[in-house]
Amino acid sequence: MNAPAFSHSRFGRSRPAALIAVAAAASLATAFTVPGTAASAATQAGRAVASTSGLPYENASLPVTKRVSDLLARMTLAEKVGQMTQTERYKVYNDASLITTGNLGSILSGGGSTPTQNTPTAWADMVDRFQKAALATRLHIPLLYGIDAVHGDGNMYGATVFPHNIGLGATRDPDLVRQVEHITASETRASGPQWTFAPCICAPQDDRWGRTYEGFGEDPQLVIAMESAIDGFQGPPGHLADRDRVLATAKHFAGDGDTTYGTATGDYKIDQGITITNHQDFWRTSLQQYLPAVQKHDVGTVMPSYSSVDWTEDGVGNPTKMHASKELLTDVLKGSMNFGGFVISDWEGIHQIPGDWPTQVRTGVNAGIDMMMEPNAYLSFETTLTAEVNAGGVSMSRINDAVSRILSKKFELGLFEHPYTDRTNLPAIGNPAHRAVARKAVAKSQVLLKNARQALPIKPGGRIYVAGSNADSIGNQAGGWTLTWQGGSTTNIPGTTILNGIRKAAGAARVTYSPNATAPLHKGDVGIIIVGETPYSEGFGDVGGPRWAYDPADGKTPRPVKDMQLSAADKAAVDAVCSVAIKCVTVVISGRPLILDPKQLSESDGLVAAWLPGSEGAGVADTLFGTVPYSGKLPVTWPRTLAQEPINIGDANYDPLYPYGFGLTTK
């Protein structure tokens, strides 16, 4: 397959029922009562296989705990600190020897950070080249490579790009979600990386947040059901070493979806802001979903949130950065929940901790972060952490705990026995079978909000008139985290636009396409207007937040304002089509609910929430034309006005346009 050469502009960043009993907050010191904990699988023995070498840690027949203990005892402080350090691909791409000299334990690719030729083979070649440098260290400790495979391996050209999590939440199908992430894991590991920074298990409470689409829905119980995603990534216990599995990351711990609008710093409005809450409510909205992620699904890593928490029990005004919260990272996550994996910081996450650089390093490590994502300051992190240990600011026991956790996962992944990429599944990347699953996920994610005059399903034949900004844009339907951090309207990936899906599904019907509805309409036309948002990620998607302009295709022109509204052009297209067509259906492509003006809402016979479907736009057409019935249910509340935000199921005076869980069905 042909892929575009990599052109660097600005690198993005990775930023992830029945089991749960809601815990009450008794006091600040013992705030969270966590149900009884069982030993994490990370503490269990590894699978027995044949011995391959003389040193105990190289003996695959020994339990993981003994291998870790033996290797740890042989390591110098510099080697241990190196294992706790992760830097970005761009720092070592032209000189992989820096991996060796820095004893680096991990490399990542942020959004848009790819090999020069963005192909599966080039990815595998790059990761293996880095791995060779890691194995050249004194103890031959293999490298762990992490990426944001958050809706498929969207950073790699040719990968299957699935619906974002908000769409998967609408399916209400944990088994399908497991299958989606198994394919994602297979395509990711076959191309080199063994670790994904996914899934996001937040429960977004305010749709003005630019990361709303990364969550499965506003109800933590829905999120818990969709944690089957972790099993899709990692497989059953003991299968991390399989060629089709990757280490998963539950993120962002905790409260990233419950920050208060207006509390963020800089130009952001809500992303990376402050969660102002008490312990009991924090458990209910933001923390309870981590217990099954740890105890039932044995998630391998956890990523802290950029956000802060400000406990109301001791008065508002003294927030703590999540990257600095020993209470939550160590006492709750590693203590009460018995998390046996390791904690990876977010992109330069400790840089937001108050104080100077040594204070930030010391505070982050002592809070419980085991590996630091330091794309630019990795060498300074290593020297500073070393100095902190030598000065007594960070104990050797804390270092040993962090490194033991990291090494355990490397052993469980089988990297000491098979450090290089197993390319067996590489030819299957983006194949028809994988895309068929993505198409199924798209169809099941469609939520039918209105169906007046039995507008849907559309009968094949006759005349079909298609309009709207998102009808023929695979970049818009894929959304953020697609080839670049922010994604883009002009992003081109293999797949099918919704328009192409309609053309195939319409059979013998005559299909007219006019983006702005300027082509002549006929009274017998059935109109389909596909409207909605353009791509964004993180704070650049905050309502009222900054406007991204830095991908090459942007030409430094700021993208459209993110306001949860249809654009003037999209409104005009709906008006034009619905005023003439015999029936008209409006399809909304977006990462969250959009505010619909009464005029467009009333004149649309059919209304569909299609979310961000990814590469397989034909799945949207499958439901429009009745090949697959509508079955999706809203994973978030759909507000009447922006002033209702935040609005969630269970609120007092709950009066949305469409309630959480709503969705009409067809046969």
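The values are calculated or read from the model by the stated rules, or taken from the named source; none is laboratory data. As the structure is a prediction and not an experimental result, all values here were calculated from the model. We place every Cβ from the backbone using ideal geometry, glycine too, and count neighbours over all the protein chains shown. Heavy atoms of the whole protein, side chains included, go into the accessibility calculation; ligands, DNA and RNA do not. Shrake-Rupley method; radii C 1.70, N 1.55, O 1.52, S 1.80 Å.
A few remarks follow.
- Within the accessible area of region 335-383 (1.4 Å probe), percent carbon and sulfur: 54
- A DSSP coil position with no more than 16 other Cβ atoms inside 10 Å describes the following chymotrypsin sites (Phe, Trp or Tyr not before Pro) in region 206-315: Y261.
- Neighbour cut-off at most 12 other Cβ (10 Å), DSSP loop, chymotrypsin sites (Phe, Trp or Tyr not before Pro), region 57-139: none
- For region 561-575, Karplus couplings with θ = phi - 60° (6.51, -1.76, 1.60), whole Hz, Gly/Pro x: 4, 9, 9, 6, 10, 6, 5, 4, 5, 5, 4, 5, 5, 4, 4
- Portion, in percent, of the accessible area of region 426-526 that falls on carbon or sulfur, probe 1.4 Å: 54
- Under the simplified labelling scheme, the R138-K599 pair shows an inter-label distance of 7.4 nm, with each label point 7 Å from Cα along Cα→Cβ.
- The fraction of accessible area contributed by carbon and sulfur in region 185-241 is 58 percent, rounded to a whole number (1.4 Å probe; ligands and nucleic acids excluded).
- Taking the DSSP beta bridges with both ends in the chain, the antiparallel portion is around 20 percent.
- Set K269/K440; K251/K562; K269/K296; K334/K409 screened for pairs whose C-alpha atoms are more than 26 Å apart: K269/K440; K269/K296
- Kirkwood Rh (inverse of mean 1/r, distinct Cα pairs), region 239-319, angstrom: 14.0
- Electrostatic bookkeeping for S186 treats Lys and Arg as +1 and Asp and Glu as -1; over the other residues with beta carbon under 15 Å from its beta carbon, the sum is -1.
- For region 405-504: rounded, prolate or oblate by the Cα gyration tensor [a/c cutoff 1.5]: prolate
- Rg/Rh (Cα only; Kirkwood hydrodynamic radius) as it applies to region 52-173: 1.07
- Excluding same-chain neighbours fewer than eight residues apart, the lysines reachable from K91 by a Cα-Cα span under 21 Å are K80, K132.
- Debye equation applied to the C-alpha atoms of the chain, log10 I(q)/I(0) at 0.11 Å⁻¹: -1.04
- Computed on region 369-453, the Cα convex hull volume stands at 229 Å³ per residue.
- Rolling a 1.4 Å probe over the heavy atoms of the protein chains gives the chain an accessible area of 33 Å² per residue.
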